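Asker: Okay, handing you the structure first.
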Amino acid sequence: MMQVRITDQPIDPAAETVALTRGRSDVGALVAFSGICRDSEDSGKITSLTLEHYPGMAEAEISRHIEEAKARWPLLGARIVHRVGRIVPGEVIVFAACTSKHRMAAFEAAEFLMDFLKTRAPFWKKVESAGAENWVEAKEKDDNAAARWERGAKRKAAE
Amino acid sequence: MKILYFAWLRERVGKAEEDVELPASVKTVADLLRFLTGRGEEYAHAFENAKVIRAAIDKVHVKPDAPIANAREIALFPPMTGG
């Protein structure tokens, strides 16, 4: 089973989710996240997103984070699928899911994987809006979200 | 040395990758950024805000002080915005 996949084809979250539990009865918890292309942002309506990535490094970096997640939580499985190329509103940009015996590990590991994916996996988004194309700027809140998982840091920003 | 560029860095430099002959004085990623800045107008524009630029050596993130001597390829890119 492919843990990490990068594709220029539409992602089907239901099919990806089913694949994590098919043929096994040891899984007690599955947490799945889908990141979806919205049709608007603060500055206006979004026509499309174009995702660029660094082939080879993107897969390797996500795999490193999955290994780190497996070292930190008792996971039974993990899967990340990331879309590249041109995406229109309503389509899935990224799918991330974790399975474990109990829910806490699956919830936390899925959040951990997404936080690191946003700030460390080499993907870049360009947004097409009102006929103009602009590269999306990195957000400080994403860096802060990733930083709370650093060893020794407080576990939750809200604490 | 093989250098790769991504996103707006690629657009500003005008190419996705190139082989660059580096002088011996270019020892770290920070040295490389300074060296590339002097290669022409498009490079000066691409690297004008060098502190935001991230680097990877052989597909692993590195800091500006990382030595580049044994690199096969060095990738330079803006902060990542996937997910």
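What follows is calculated from the coordinates using simple rules that are stated; it is not laboratory data. Everything quoted here is computed from the prediction, not taken from an experiment. Cβ placement follows ideal geometry from the backbone for every residue including glycine, while neighbour counts extend to all protein chains displayed.
Asker: Looking at this structure, is A:F123 more than 10 Å from chain B (Cβ to nearest Cβ), touching a residue at least 24 places away in the same chain (Cβ under 8 Å), within 26 Å of B:R54 (Cα to Cα) and not aliphatic (A, V, I, L, M)?
Answerer: Criteria not met by A:F123.
Asker: For the structure I just gave you, tell me whether A:R24 is over 25 Å from A:A138 (Cα atoms), outside any helix (DSSP H, G or I) and more than 13 Å from every other protein chain (Cβ to nearest Cβ).
Answerer: Values: over 25 Å from A:A138 (Cα atoms): yes; outside any helix (DSSP H, G or I): yes; more than 13 Å from every other protein chain (Cβ to nearest Cβ): yes.
Here the answer is yes, as A:R24 does meet what is asked.
Asker: How do the pairs read when you match residues in region A:54-78 that are within 14 Å of chain B (Cβ to nearest Cβ) and surrounded by fewer than 16 Cβ atoms within 10 Å (Cβ to Cβ) with residues anywhere that are of a type in the set (A, V, I, L, M) and outside any helix (DSSP H, G or I), using Cβ under 7 Å and keeping only pairs 6 or more apart or on different chains?
Answerer: Hits for this filter: A:S63/A:V4.
Asker: Pull up region A:115-143, narrow it to residues that are in contact with a Gly (Cβ under 6 Å, 6 or more places away or on another chain) and either surrounded by 20 or more Cβ atoms within 10 Å (Cβ to Cβ) or of a type in the set (D, E) (or both), then point me to the one that is nearest to A:D42 (Cα to Cα).
Answerer: Of the residues in region A:115-143, the ones in contact with a Gly (Cβ under 6 Å, 6 or more places away or on another chain) are A:117-118, A:121, A:123, A:129-130.
Still in the list and also either surrounded by 20 or more Cβ atoms within 10 Å (Cβ to Cβ) or of a type in the set (D, E) (or both): A:117-118, A:121, A:123.
Values: A:L117: 23, A:K118: 20, A:A121: 25, A:F123: 22 Å.
Step by step, filter region A:115-143, then rank; the result is A:K118.
Asker: Return the residues of region B:13-72 that are among the aromatic types (F, W, Y) and within 26 Å of A:L117 (Cα to Cα); say none if nothing qualifies.
Answerer: Across region B:13-72, the qualifying residue is only B:F47.
Asker: Among the residues of region A:83-98, are any more than 23 Å from B:L4 (Cβ to Cβ) and without any contact (Cβ under 8 Å) to a residue 40 or more places away in the chain?
Answerer: Looking through region A:83-98, none of the residues is more than 23 Å from B:L4 (Cβ to Cβ) and without any contact (Cβ under 8 Å) to a residue 40 or more places away in the chain.
Asker: Follow-up. Scanning for something surrounded by 13 or more Cβ atoms within 10 Å (Cβ to Cβ), under 19 Å from A:V136 (Cα atoms), within 14 Å of another protein chain (Cβ to nearest Cβ) and of a type outside the set (V, I, T), does region B:41-49 turn up at least one residue?
Answerer: Within region B:41-49 (the criterion being surrounded by 13 or more Cβ atoms within 10 Å (Cβ to Cβ), under 19 Å from A:V136 (Cα atoms), within 14 Å of another protein chain (Cβ to nearest Cβ) and of a type outside the set (V, I, T)), the answer is yes, since at least one residue qualifies.
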